[in-house]
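For reference, the structure discussed in these notes is given below.
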Amino acid sequence: MALAKKKISTTRPVRKSARKAGKKVKPVSNILKWRPPSLVSQLSGAGSMPRLAPRLQAVVDKSEIADVVAAFARSLDRSDENLLRSVLHPDATLDLGPGIFQGTGGDYVHWILGVLSGVRSSHHLIGSVRAEVSGDAALVESYFQVHFRLDKPTGREDVFAGGRFLDRMERRPAGPAGLWKIMHRKQVLDWVRTEAVSDIFYHQNPDALWSVRTKTDPSYQMGHFPGGQSSRSSAFLGRRYESKSIKF
């Protein structure tokens, strides 16, 4: 009696759940595995989103532009040449009027440091900053007020002025990774007032903390201020002062 040959199946096995339902198994779509990127990854540029959303990028741009305006003012008050050069493009130009200064950024740095060497102190206050950003260029109008203390042969003078910085800034290299710097600046004066100096407060309060136009100014030591777990307490803690310690 001849044995019947066993029939070998060449079809792939079907999952029991699919066999019972009588339906074919469909592959799982990749869309179910996708997760929206976190805000942190968007801000850091990590993940699959190399660029921020346009409105969020505009916020970042305007914040960086405001920092440039503030850094320029600080560089003048502290006579910080490196900081001043850091906010100007190599081919930048500045215009303060034909009788004051018109020229390149490099010439401006040399000129303004010479001017400031004859100024005892200065104090720039930045007001509103309005920036119109278009790609990698921005038109920026910044209001300012400034005080200069001058020593003259006829005596000391206080000069107060208010005006606006009109800047064209450019981001180089192009794109979010670039740096905003000044390409052209016009300084427009709105008002100026000169007054004779009265130093009564200065002479009555010589131990107050007074600003310095060099890197010995306290602002350059902020990294050593008390704070954090490893910091030491200030030596002056525990002292008692009366209201008469400051004299007006």
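Bear in mind these aren't lab numbers, they're just calculated from the coordinates by the rules spelled out. This structure is a prediction, so every number in the text was calculated from the model and none was measured. Positions of Cβ are backbone-derived with ideal geometry, glycine not excepted, and every protein chain shown enters the neighbour counts.
Overview of values
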{"read-out": "Which listed residue is small (Gly, Ala, Ser), closer than 25 Å to residue 146 by Cβ, in contact (Cβ under 8 Å) with a residue 12 or more places away in the chain and part of a loop (DSSP other than H, G, I, E, B), from 211, 198", "value": "211"}
{"read-out": "Subset of segment 136-155 [closer than 13 Å to residue 180 by Cβ and either out of contact with any strand residue (DSSP E or B) (no Cβ under 8 Å at 6 or more places or on another chain) or charged (D, E, K, R) (or both)]", "value": "136"}
